[in-house]
Amino acid sequence: MPSYSSFMCPNCEGHFRVIWPEPLPNYTDPCSKVKMECPDCGEVTELYAYLIDRILQAPEPGLPKIEVLSISPRDPNPDPYARSHYWQRVWACREARYRTTYRPVK
């Protein structure tokens, strides 16, 4: 069964199937930055290609698709903490949503 790429928006935590451009540029590298726009919240996210999850099962039929806006050449100085910065951003957005929903009214 073919694998596919999955992207989770750090802002709204929506999951999407990534549609790569055909043909894939020859300068694409795991340290290339990939720019995508979330169809749910409209936020444009640029992250390293190695942070996009690889799923080894058939995609769910209801999983929305998202196209790659651009792929940059390999970053000569990749961020060694890119994965932790991505998850810090997810948690910060989660906390902000929680605070706006459950903040006590004064």
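So in the stretch 39-74, with the set limited to residues that are in contact with a strand residue (DSSP E or B) (Cβ under 6 Å, 6 or more places away or on another chain), open to solvent by less than 50 Å² (accessible area, probe 1.4 Å) and outside any strand (DSSP E or B), which one is nearest to VAL18 (Cα to Cα)?
ILE52
Anything in the stretch 46-85 that is small (Gly, Ala, Ser), within 18 Å of LYS35 (Cβ to Cβ) and without any contact (Cβ under 8 Å) to a residue 24 or more places away in the chain? List them, or say none.
Residue satisfying the conditions is ALA49 alone.
Could you look through the stretch 21-38, keep only residues that are touching a residue at least 40 places away in the same chain (Cβ under 8 Å) and not in a loop (DSSP other than H, G, I, E, B), and pick out the one that is most open to solvent (accessible area, probe 1.4 Å)?
LYS33
The values are calculated or read from the model by the stated rules, or taken from the named source; none is laboratory data. Being a predicted model, the structure only gives us computed values, none of them experimental. Note: ideal-geometry Cβ built from the backbone for every residue, glycine included; neighbour counts use all protein chains shown. Surface areas here come from the heavy atoms of the whole protein model, side chains and all, with no ligands, DNA or RNA. Shrake-Rupley method; radii C 1.70, N 1.55, O 1.52, S 1.80 Å.
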